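Below: the structure, in structure tokens.
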Amino acid sequence: MNTTHVDDDPQVLLRVLIADGGSSVNDGLTALLSELDGLSVFGCVQHPDKILALVRTVRPDVVILDLQKAGAVGLRTLKQLKRHRLAPRVIVLADLAVAGLQGAVLEAGADCVLAKTDCNGLKQELARLVSMTQSGKYRSTQEPERRPRPAQERDE
């Protein structure tokens with residue numbers, strides 16, 4: 001994976017935002033995801049209250065959210081993310097204590113819940129999303145919405 005911005009690399013299909021309270025975890029996740037083609041980690045945020053503003057500004061396709069660090073604010077943020085018109089996919093990373101709450105996290109809007117230590121699971125989920133994007137089954141938030149043109153503008 002190239003960590004350049006999407007605008008700089010046409011091979012990047014998915015923009016990823018990492019939301020974790022620890023800079024060492026953010027660095028580790030960025031390094032881990034650098035092994036994957038088709039996506040770019042374009043930002044890391046450590047404070048849950050800044051996630052929504054950043055998502056509105058840069059429109060990531062995927063947010064990797066550490067629920068443990070974010071606590072109740074993280075669950076509220078997850079719900080708010082999923083209400084957004086161009087809601088990103090949200091992959092929640094949780095420790096084993098939070099993993100027991102998987103049903104509630106999925107109900108709040110998470111697309112996937114993984115143990116924080118499940119590096120292979122995270123890579124597989126992101127690779128699946130890249131593949132879905134390539135095949136047209138998932139549309140990047142960066143693509144313009146396709147609206148039908150009015151009849152007078154259509155080629156006859």
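Descriptive notes on the structure:
- For Ser24 and Asn120, the difference between the fully extended length at 0.36 nm per residue and the C-alpha to C-alpha distance is 32.7 nm.
- Rg ratio for region 6-136: its Cα radius of gyration over 2.2 N^0.38 Å, N being its residue count, equals 0.97.
- Spacing of the two label points (7 Å from each Cα toward its C-beta) at Arg59 and Leu32, in nm: 2.9 nm
- Evaluated with a Cβ-only charge set (Lys, Arg +1; Asp, Glu -1), region 6-136 carries a dipole of roughly 620 debye about its Cα centre, given to the nearest 20.
- Taken about its Cα centre, region 22-76 carries a charge dipole of about 340 debye when Lys and Arg each add +1 at the Cβ and Asp and Glu each add -1 at the Cβ.
- Between His47 and Ser135, the C-beta separation translates, for a Förster distance of 35 Å, into a calculated FRET efficiency of about 0.45.
- Order of Asp20, Asp95 - criterion: other Cβ atoms within 10 Å of each residue's Cβ, fewest first: Asp95, Asp20
Every read-out reported here was derived from the displayed coordinates using simple, explicitly stated rules and does not represent laboratory data. This structure is a prediction, so every number in the text was calculated from the model and none was measured. Cβ coordinates were reconstructed from backbone atoms using ideal geometry, including for glycine residues, and neighbour counts include every protein chain displayed.
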